């Protein structure tokens, strides 16, 4: 399975009441505005302070009853763990995740390829079947996308 723009577009096109959680920086806001401009549906919520999406955001989900939750531009050292923790609460069985790995947000001293393997292994250990890891070079340095299904 290839990660491509069509898959993301299909997810957006089939969303009728999405929630967008995004970092409180320029990249996060721009990501949200681009998604919202395309869809013109849903609500956005800033993840303030240390950008960590945790169970306190479950209230936002419960209050708004979204059909899909998009988490945009949240970089953390424990990115895969955070995604898996959130999937335990929010992702239905058979659901898909698309993790954007920012290798330099995790460890600037190691090669990005090692970081991508590490994050994929974390997802596997948490019950995901990793379909594909795509290095975004030369378009985005030290970034990769991991597509996985639970």
Matching entry among 28, 42 (being at positive phi, in contact (Cβ under 8 Å) with a residue 12 or more places away in the chain and touching a strand residue (DSSP E or B) at 6+ places or on another chain (Cβ under 9 Å)): 42
Looking at the structure I just gave you, is residue 120 surrounded by 15 or more Cβ atoms within 10 Å (Cβ to Cβ), farther than 19 Å from residue 11 by Cα and under 16 Å from the mean Cα position of the chain (by Cα)? yes
Can you name the condition, by its number, that residue 141 falls short on among (1) out of contact with any strand residue (DSSP E or B) (no Cβ under 9 Å at 6 or more places or on another chain); (2) crowded, with 18+ Cβ neighbours inside 10 Å? (2)
Single residue of 33, 8 found to be modelled with pLDDT of 85 or more and part of a helix (DSSP H, G or I): 33
Among the listed residues 65, 83, which satisfies the condition of being out of contact with any helix residue (DSSP H, G or I) (no Cβ under 7 Å at 6 or more places or on another chain) and crowded, with 19+ Cβ neighbours inside 10 Å? 83
In this structure, does residue 97 turn out to be within 15 Å of the chain's Cα centre (by Cα), outside any loop (DSSP other than H, G, I, E, B), without any contact (Cβ under 8 Å) to a residue 40 or more places away in the chain and under 17 Å from residue 8 (Cα atoms)? no
Among residues belonging to segment 36-62 that are over 24 Å from residue 92 (Cβ atoms) and within 15 Å of the chain's Cα centre (by Cα), point out the one that is modelled with the lowest pLDDT. 51
Suppose we filter segment 128-148 for residues that are closer than 13 Å to residue 84 by Cβ and in contact (Cβ under 8 Å) with a residue 24 or more places away in the chain; how many remain? 3
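The values are calculated or read from the model by the stated rules, or taken from the named source; none is laboratory data. Computed from a predicted model, the values in this text were never measured in an experiment. Virtual Cβ from ideal backbone geometry, glycine too; neighbours counted across all protein chains shown.
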